[in-house]
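Structure record follows, encoded as structure tokens.
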Amino acid sequence: MRSVEWHDGVLRLIDQRRLPHEMVILECETPEAVAEAIRTMAVRGAPAIGAAAAFGMALAALRSPASDRAALLRDLEAAARLLKASRPTAVNLFWAVDRMLRRAADEGLEDPQAVREALVAEAIRIAEEDVETNRRMGQYGATLIRDGDTILHHCNTGALATVDYGTALGVIRTAHEQGKRIHVLVDETRPRLQGARLTAWELLQLGIPFTVIADGAAGYFMRKGKVNIVLVGADRIAANGDVANKVGTYTLAVLAREHGIPFYVVAPTSTIDPNTPNGDAIPIEERDEREVLEIEGVPIAPRGARAANPAFDVTPARYITGIITEKGILYPPFDLHIRRALGLEQEDLRDVVALRGL
Ligand SMILES: CSC[C@H]1O[C@H](OP(=O)(O)O)[C@H](O)[C@@H]1O
């Protein structure tokens, strides 16, 4: 099963709050249930959040009692607000919901039933595009992996299903399938332990050698020359190439620079937000302090202790070697190459204008 699957009007999610071998399937039949699954990280990881939110919009259309198009569009706007309020950082959530709203507004959809059918099809399309996108990123990224490399990986960037590749984990899997003998250092990734719980499970399923390490041990292995490349995912990439990703990513990037280790971000172009100018403009989610103070409800700090719990941090573009996307690997200057990747750069037109003195 994939981490996000549509079954005849019901969205089925692998609950990622638990160890995968205790796999629990959540069934969502309303946008409220999907928003709650995103907020509580039952479904997590930027692309999966986007796909889930798209299905949340499809569920909103199917559950709406509206008998006319205008009333249905109002219900969809309400669902969009609800889903967008679930988590603030992963831009895929907003990208997917806005794409569903644009589809619903297509003039060619005259009646509510046509809108409902179109939204289910669009959400399925978003989920299927993600599978192909991950496969292409795996192919591009694997060109950077040499036989014998040790890769340091942070958090979880997989798809929890052997049928899909994920983003940074898709690069690792592709290199492995190409016969390259690799080893992965798996950051446990406090406080939610996505690395120790989810990435370790995925690598076990794929038969890829790995070692789980404490987040604080990354510098130890880099300084000993044990790391050949760092691969991470992303939740939002700003127009200048600054990257928001799981907290601890910035630390890895600075350490990698210190030790001359290539640091690559793996993310689909749907994670790039051209409307966010730089990393300072990326909203960083603050989560419940109990995620830091407890593990599975068991306190790890004395009663009365307080905690801060930013779920992400921002890595300035200057620390990033390259960004692996489904359209190729982007290198500095990131602002220009991001615009070109998104089809926003008018360099040809600008040149024509310059040549003609217009
Ligand atoms: C391809 S997953 C991208 C990204 O999402 C994760 O955050 P979370 O577990 O809070 O959803 C992590 O930052 C991954 O790198």
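Just a few scattered comments:
- Residue 225 vs. criteria outside any helix (DSSP H, G or I) and open to solvent by 30 Å² or more (accessible area, probe 1.4 Å): yes
- Just one of (1) surrounded by fewer than 17 Cβ atoms within 10 Å (Cβ to Cβ); (2) within 21 Å of the chain's Cα centre (by Cα); (3) not aliphatic (A, V, I, L, M) fails for residue 343. It is (2).
- Qualifying residue in the range 310-317 (condition: open to solvent by 60 Å² or more (accessible area, probe 1.4 Å) and either more than 24 Å from the chain's Cα centre (by Cα) or farther than 23 Å from residue 342 by Cβ (or both)): no
- Scan the range 16-36 for residues that are in a loop (DSSP other than H, G, I, E, B) and surrounded by fewer than 19 Cβ atoms within 10 Å (Cβ to Cβ) and the total you get is 7.
- Residue among 184, 171, 163 that alone is β-branched (Val, Ile, Thr) and in contact with a Gly (Cβ under 8 Å, 6 or more places away or on another chain): 171
- Hey, residue 15 within 16 Å of the ligand (Cβ to nearest atom), outside the structural domain of residue 313 (by TED's automatic domain parsing) and acidic (Asp, Glu) or not: yes
- Residues (within 13 Å of the ligand (Cβ to nearest atom) and either modelled with pLDDT under 95 or under 16 Å from the mean Cα position of the chain (by Cα) (or both)) located in the range 273-291: 282, 284, 285
- Matching residues, the range 295-304, being open to solvent by 60 Å² or more (accessible area, probe 1.4 Å) and either among the aliphatic types (A, V, I, L, M) or modelled with pLDDT of 95 or more (or both): 295, 298, 299, 300, 302, 303, 304
- Checking each residue in the range 128-152 for being aliphatic (A, V, I, L, M), in a helix (DSSP H, G or I) and modelled with pLDDT of 95 or more picks out 137, 142.
- Filtered by the rule that a residue be more than 16 Å from the ligand (Cβ to nearest atom), surrounded by fewer than 24 Cβ atoms within 10 Å (Cβ to Cβ) and in contact (Cβ under 8 Å) with a residue 40 or more places away in the chain, the range 37-70 gives 62, 64, 66, 67, 68, 69.
- Candidate set: the range 71-89, residues that are open to solvent by 10 Å² or more (accessible area, probe 1.4 Å) and part of a loop (DSSP other than H, G, I, E, B); chosen: the one nearest to the ligand (Cβ to nearest atom): 87
Condition check ((1) within 17 Å of residue 228 (Cβ to Cβ); (2) aromatic (Phe, Trp, Tyr); (3) not assigned by TED's automatic domain parsing to the domain that holds residue 41) across all residues:
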residue	(1), (2), (3)
140	no, yes, yes
145	yes, no, yes
157	no, no, yes
168	yes, no, yes
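Residue-wise test of (1) surrounded by fewer than 24 Cβ atoms within 10 Å (Cβ to Cβ); (2) within 15 Å of the ligand (Cβ to nearest atom).
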residue: 146; (1), (2): yes, no
residue: 183; (1), (2): yes, no
residue: 187; (1), (2): no, yes
residue: 193; (1), (2): yes, yes
residue: 201; (1), (2): yes, yes
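- Members of the range 249-270 found to be more than 13 Å from the ligand (Cβ to nearest atom), closer than 29 Å to residue 132 by Cβ and β-branched (Val, Ile, Thr), listed by number: 269
The values are calculated or read from the model by the stated rules, or taken from the named source; none is laboratory data. Bear in mind that the values here come from a model prediction, so they are computed numbers and not experimental data. Ideal geometry is used to build each Cβ from the backbone, glycine not excepted, and the neighbour counts take in all protein chains shown. Accessible surface is based on the protein model in full, side chains and every heavy atom, while ligands, DNA and RNA are left aside. Shrake-Rupley method; radii C 1.70, N 1.55, O 1.52, S 1.80 Å.
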